[in-house]
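Enquirer: My questions will all concern the structure given below.
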Amino acid sequence: MSLIFDWLFSQYSGYSTLFISLEIIAVFFGLLSVWYAKKDNILVFPTGIISTSIFVYLLYQWGLIGDMLINGYYFSMSVYGWYIWTRKVDAKHFTPITTTSKKEKLQSVILFIAGMSFVFIVYQLFDKWNDWVAYVDTLTTAIFFVGMWLMAKKKIENWLYWIVGDLISIPLYFYKGYTFTSLQYLIFTIIAIYGYLEWKKIINNPKLQAKTS
């Protein structure tokens with residue numbers, strides 16, 4: 001058992017108690033945020049804002065500029081999503097869960113390319129092309145850029161992007177030495193699968209849609 005524990009958490013031997021505590025808190029609120037997203041609950045955004053704020057600080061301290069900027073983007077999209085989810089489409093109903101239109105699918109592709117380009121430029125500026133993970137970061141960032149944008153707009157396809165990005169991030173963050181964050185993405189994946197199925201039920205059932213919107 002001790003060997004497994006050492007294998008999972010030996011990366012933290014040189015970390016301060018403050019950083020470890022902050023990462024655990026950020027992971028906790030991150031999990032809460034995804035859980036609330038699954039339940040179509042507006043609390044997805046305030047909990048997400050707390051989590052991303054802490055991660056922005058930690059990632060800056062760790063020198064992970066690309067990841068820091070991603071979380072900064074999550075923060076801004078959480079503010080935007082909070083506004084969208086509370087906006088009424090008529091006198092009684094808030095923004096409902098829907099599927100993406102052809103225009104939004106095209107916008108998703110454009111955002112994906114823009115996300116990859118953005119990270120490429122950032123990594124180029126900060127000379128971060130020193131490990132293979134930088135190339136994977138470029139891919140996951142683009143995936144999450146689209147996923148966060150679609151979630152803010154209450155599009156069911158957001159879950160598909162999260163599932164793919166989360167699956168890639170599990171081994172990626174473990175390799176980087178952040179076991180708690182890696183475990184977070186494992187749980188994210190499970191919740192995202194259930195989130196997709198739950199949102200699909202809501203879309204297919206007008207009565208459920210009426211209750212949640």
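Rule-based calculations on the coordinates, nothing more; no lab input. The shown structure was predicted, so the numbers you read here are calculated from the model rather than taken from an experiment. Every residue, glycine among them, receives a Cβ derived from its backbone with ideal geometry; neighbour counts consider all protein chains shown.
Enquirer: Suppose the chain between Lys102 and Tyr83 were pulled fully straight at 0.36 nm per residue; how much longer would it get relative to their current alpha carbon spacing?
Expert: Contour length minus the Cα-Cα distance gives 4.5 nm.
Enquirer: Give the aspartates and glutamates whose C-alpha is closer than 19 Å to that of Lys201, dropping any in the same chain fewer than 8 places away, or say none.
Expert: Asp40, Glu157
Enquirer: Could you compute the FRET efficiency for Ile203 and Ile42, with r as their C-beta to C-beta distance and R0 at 22 Å, rounded to 0.05?
Expert: After rounding to 0.05, the efficiency reads 0.75.
Enquirer: Another question about this same structure. Assuming 0.36 nm per residue, please report the length gained on full extension of the stretch Gln61 to Ala134 beyond their Cα-Cα distance.
Expert: Additional length available on full extension: 24.5 nm.
Enquirer: OK, next. Once you have a ≥ b ≥ c as the square roots of the Cα gyration tensor eigenvalues for region 119-187, tell me rounded if a/c is under 1.5, and otherwise prolate or oblate according to whether a/b is larger than b/c.
Expert: Oblate, since a/c reaches 1.5 and b/c is not below a/b.
Enquirer: Separate question: Sorting Tyr178, Tyr135 on the 10 Å Cβ count, fewest up front, what's the list?
Expert: The fewest-first ordering by Cβ neighbours comes to Tyr135, Tyr178.
Enquirer: Normalised by the number of residues in the chain, what is the relative contact order in percent for Cα pairs under 8 Å and 6+ residues apart?
Expert: About 23 percent, as a whole number.
Enquirer: Moving on. Test of understanding: ordering Leu167, Leu111 by Cβ neighbours within 10 Å, fewest first, what list do you get?
Expert: Listed from fewest to most nearby Cβ atoms, that is Leu167, Leu111.
Enquirer: Also, quick follow-up: Can you compute the charge dipole magnitude of the chain about its Cα centre, using +1 on each Lys and Arg Cβ and -1 on each Asp and Glu Cβ, nothing else charged? Give it in debye, rounded to the nearest 20.
Expert: Charge dipole of the chain: 1200 debye, to the nearest 20.
Enquirer: Still on this structure, please answer the following. Evaluate the relative contact order of region 52-142 (contact order divided by residue number), counting alpha-carbon pairs under 8 angstrom at least 6 apart; express in whole percent.
Expert: 26 percent.
Enquirer: Another question about this same structure. With r as the distance between the Cβ atoms of Leu183 and Phe19 and R0 = 22 Å, compute the FRET efficiency 1/(1 + (r/R0)^6) and round to 0.05.
Expert: Using R0 = 22 Å, I get an efficiency of 0.85.
Enquirer: Return the whole-Å distance between the Cα centroid of region 131-180 and the Cα centroid of region 22-54.
Expert: Cα centres, region 131-180 to region 22-54: 16 Å.
Enquirer: If each of Met116 and Ile193 carries a label point 7 Å out from its Cα toward its Cβ, how far apart are those two points in nm?
Expert: Going by the 7 Å Cα→Cβ label model, 2.7 nm.
Enquirer: When the dipole is taken about the Cα centre of region 93-213, and only Lys, Arg (+1) and Asp, Glu (-1) are charged at their Cβ, what size is it in debye, to the nearest 20?
Expert: 700
Enquirer: Something else now. Shape verdict for region 138-177, please, from the Cα gyration tensor: rounded (a/c under 1.5), prolate (a/b greater than b/c) or oblate.
Expert: Here region 138-177 falls in the prolate category.
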